[in-house]
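Engineer: Here it is: the structure, laid out below.
The values are calculated or read from the model by the stated rules, or taken from the named source; none is laboratory data. Quantities reported herein were computed from a predicted structural model and do not represent experimental measurements. Don't worry about glycine lacking a Cβ; one is built from the backbone with ideal geometry, like all the others, and counts go over all protein chains shown.
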Amino acid sequence: MPSIKLKKSSKRYRIDPELRRSVGRAAPGSVERLQYLEALVNELCVTNLIDYKQQIVANLGNFAHDPRNCPHLISLDVHLIFLEIVRQHLQIAPSASSQKKTAATSAKLVSLAVAGFCNLITSSQNLRLRFSHSHQEISPLFTCLQSPTLEAGTLVNCLTVFVHLCAPAVHLQEENCVFFEPNCSTTAFHTSIRSNFPTSLSNNSSRLTSTMVAPLAPSFAPNTTVFEQPNSAVLSPISRTGRKRISLVKWVGVWMALSKARLTGLVVSTALAGCALAAPSPLVCEAFLAHPAASLLALGLGTTLTSASANSINQIMEVQYDSLMKRTRMRPLVRKLISPVGASVFASTTATMGLSILYVSTNSLVASLAAGNLLLYTCVYTPLKRISQVNTWVGSLVGAIPPLMGWAAATGSLHSGSLVLACLVYAWQFPHFMSLSWLARQEYAHAGYVMTANVTPQRARAAALRHSLLASLICFLGAGGASAGQVNWCGGLVAAPFNAMLVYYALRFYSTPLENAGAVCSAARGLFRASLLHLPAVMTALLVCSHCGFATGAV
C-alpha cells in the first residue's frame with residue numbers, strides 16, 4: 001500500500017478556535033467542513049501524543065459515518081492514514097508487550113483506526129470499488145485478525161470491511177445521499193480472500209462471541225471526546241427509495257461554478273462596454289439602431305453562454321490538476337457534484353445556444369469572434385498552461401476579444417476604436433494576472449502549471465509594470481473612443497487617477513526585493529486589488545464621457 005508517513009514531533013498543530021466553534025454550523029460537504037477536516041489531519045500528523053491521536057482518529061471516524069463527508073476525507077487520504085496507523089502500531093505492539101500501558105494504548109489506537117476505516121468503506125462506494133480490486137492495500141486488516149492483543153470489536157469491524165468488499169451491493173445507505181455512487185455488482189476481492197480469510201479467522205475465532213455484525217458506533221470508546229456526533233438520520237436504516245434528487249437551486253449553483261461566474265461576468269461586462277462605446281458612433285449599423293435593447297440583451301446572453309461553455313471545458317480538461325490546488329479544489333468536478341459527462345453536456349449545450357443567439361440576434365461577425373475565442377481558450381490556452389509561460393500572452397488575447405464582439409454587435413465591423421479598446425483590455429490583464437499568479441505560484445508549481453511567476457519571477461514583475469504603463473498610455477489616448485474616428489481626451493483625463501494608482505502598485509510590486517518574500521506578496525496583493533478597481537473605473541469614465549459628448553480631435 002502507499003506509505004503515508006506520520007510525522008513525529010512534540011509540536012502540536014493548533015486548530016483555529018474560530019474554526020473549531022464554527023464546525024457545528026458547517027454543512028457536510030461544505031468548504032468550512034473541508035477546512036476543519038484538513039486541520040484535524042494536519043494535527044494528527046504533527047503530534048506524537050498517543051492520547052491526542054486517539055481523540056483525532058475517533059473524530060475522523062465519526063465524520064466518516066456521514067457519506068456527505070466522504071469526498072473530503074478521501075481527498076485528504078484519511079483512508080490511507082487509517083491503514084498506516086494500523087500497520088505501524090501492529091508492528092510496535094509486540095516489542096512493547098512488556099509495557100502493558102503502551103501496548104493497551106496502541107491497541108486502542110488501532111481499534112479506532114480500524115473502526116474509522118470501516119465507516120469509510122461502508123459509506124463510500126468509490127472506496128469499496130477501489131479496495132475490492134486492490135486488496136493488497138488492506139493487508140494490515142488481515143494482520144489484525146492474527147493479532148492476539150486486539151479486542152473482539154476490532155475483529156468484527158475487520159470482518160465488516162471484508163463483507164462489504166465481497167458484496168458491495170448489500171449496503172444501501174448512500175442511495176439517499178447526494179454523493180451516491182452506483183453499486184458495482186462484481187468484485188475481485190472474493191477471488192483471493194479464501195487464501196487469507198479462513199486462516200486468519202481461525203486464529204481468533206474463539207474471541208468472537210457472536211456471528212452477527214455489530215453496529216459501527218459502539219466501536220468507539222464511550223468516553224471518547226468528539227467534536228461532533230454522527231447525524232442520527234444518516235445512521236438510521238433507509239428503505240430503497242432511489243437516489244435523492246438535487247434541487248434546482250443546487251444545480252444552478254453547480255452550473256454557476258462550472259461557468260466561473262465572476263470571470264464570465266467580467267467577460268460580459270467588457271463586451272457590453274465595447275457595444276456601449278460604439279453606440280454613439282456614426283458607424284453604428286441599422287440593425288442595432290432598430291432594436292438596441294434587444295441587441296444588447298442578445299449580446300449579453302450569448303456571451304454569457306459562450307463563456308460558460310469555455311470555462312466548463314477548461315474545468316473538464318484540468319479536473320485532475322484542480323484537485324491539487326487550494327484555490328480550485330472546491331470546483332464541482334473535483335467535488336464530484338457533477339460528472340464529466342454531465343459537464344460535457346452542459347458545455348456543448350451552452351456553446352450551441354450561445355453561438356446561435358449571437359448569430360441570429362446580432363451578426364455573423366460577432367458569432368465568428370465568439371467561436372474563435374472559444375477554440376482559442378480551450379484548444380490553445382488551456383493545454384499551453386502546462387507547456388510554456390507564453391500561455392499568459394495567449395490568455396490575454398482571449399480576454400481582448402469580447403470588446404471586439406461588443407463593437408461588432410453595434411457596428412457590424414471592426415474599426416480602429418475597437419482595436420484600441422481591445423489593446424487596453426489586453427494590457428490590463430498582465431498586472432491583473434501576474435499579481436494573481438504570484439500569490440498562488442507555489443500551488444501552480446505543485447500542480448505542474450508553467451507560469452511566469454514561478455519560472456522567471458523577475459520577468460513577471462517587469463511584465464506587470466510594463467503593461468500597466470501601456471494600459472495608462474492607451475487609456476489617455478482615448479481607448480475605444482465613443483465616436484468612431486475620434487479620441488476621447490476627456491475620458492482619458494478623468495481616468496488619470498486610476499491609471500496612476502495602477503502604475504504605482506505595479507512599480508511597488510516590481511521594486512520590492514525578492515529576498516523579502518512577505519513584502520513581495522503584500523505588493524502583489526495590492527496590485528491585484530488595484531487592477532480589480534482600475535478596469536471598471538476606466539470603463540465607467542469612458543462611457544460617461546462618451547455619452548456626454550466630450551470628444552474632440554481626430555485620429
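Engineer: Show the residue pairs that are 6+ apart or on different chains and have beta-carbon atoms under 9 Å apart, the first residue being within the stretch 441-470 and acidic (Asp, Glu), the second being not in a helix (DSSP H, G or I).
Structural biologist: Matching pairs, first to second residue: 443/324; 443/325; 443/326; 443/327; 443/328; 443/449.
Engineer: Looking at 481, 549, can you tell me which residue is buried (at least 22 other Cβ atoms within 10 Å of the Cβ), closer than 29 Å to residue 271 by Cβ and at pLDDT below 90?
Structural biologist: Within the list 481, 549, the selection yields 481.
Engineer: Also, I was wondering about something else. Please count how many residues of the stretch 362-381 are in a helix (DSSP H, G or I), over 24 Å from residue 252 (Cβ atoms) and among the β-branched types (Val, Ile, Thr).
Structural biologist: Count: 2.
Engineer: Something else: Please go through the stretch 491-528 and give me each residue that is farther than 12 Å from residue 438 by Cα and of a type in the set (Lys, Arg), ordered by number.
Structural biologist: 508
Engineer: While we're here: Identify, from the list 308, 343, the residue that is buried (at least 21 other Cβ atoms within 10 Å of the Cβ) and either hydroxyl-bearing (Ser, Thr, Tyr) or under 18 Å from residue 267 (Cβ atoms) (or both).
Structural biologist: Going through 308, 343 in turn, just one is buried (at least 21 other Cβ atoms within 10 Å of the Cβ) and either hydroxyl-bearing (Ser, Thr, Tyr) or under 18 Å from residue 267 (Cβ atoms) (or both): 308.
Engineer: Those residues that are assigned to a helix (DSSP H, G or I) and in contact with a Ser or Thr (Cβ under 7 Å, 6 or more places away or on another chain), I need them from the stretch 57-74; list them, please.
Structural biologist: Across the stretch 57-74, the qualifying residues are 58, 67, 70, 74.
Engineer: While we're here: Here are 510, 449: which of them is at pLDDT 90 or above, under 28 Å from residue 386 (Cβ atoms) and within 26 Å of the chain's Cα centre (by Cα)?
Structural biologist: Exactly one of 510, 449 is at pLDDT 90 or above, under 28 Å from residue 386 (Cβ atoms) and within 26 Å of the chain's Cα centre (by Cα), namely 449.
Engineer: Can residue 359 be described as touching a residue at least 12 places away in the same chain (Cβ under 8 Å) and either of a type outside the set (Phe, Trp, Tyr) or part of a helix (DSSP H, G or I) (or both)?
Structural biologist: no
Engineer: Kindly evaluate residue 409 against the criterion of being outside any loop (DSSP other than H, G, I, E, B), buried (at least 18 other Cβ atoms within 10 Å of the Cβ), assigned by TED's automatic domain parsing to the domain that holds residue 290 and modelled with pLDDT under 95.
Structural biologist: Taking the combined requirement at face value, the residue satisfies it.
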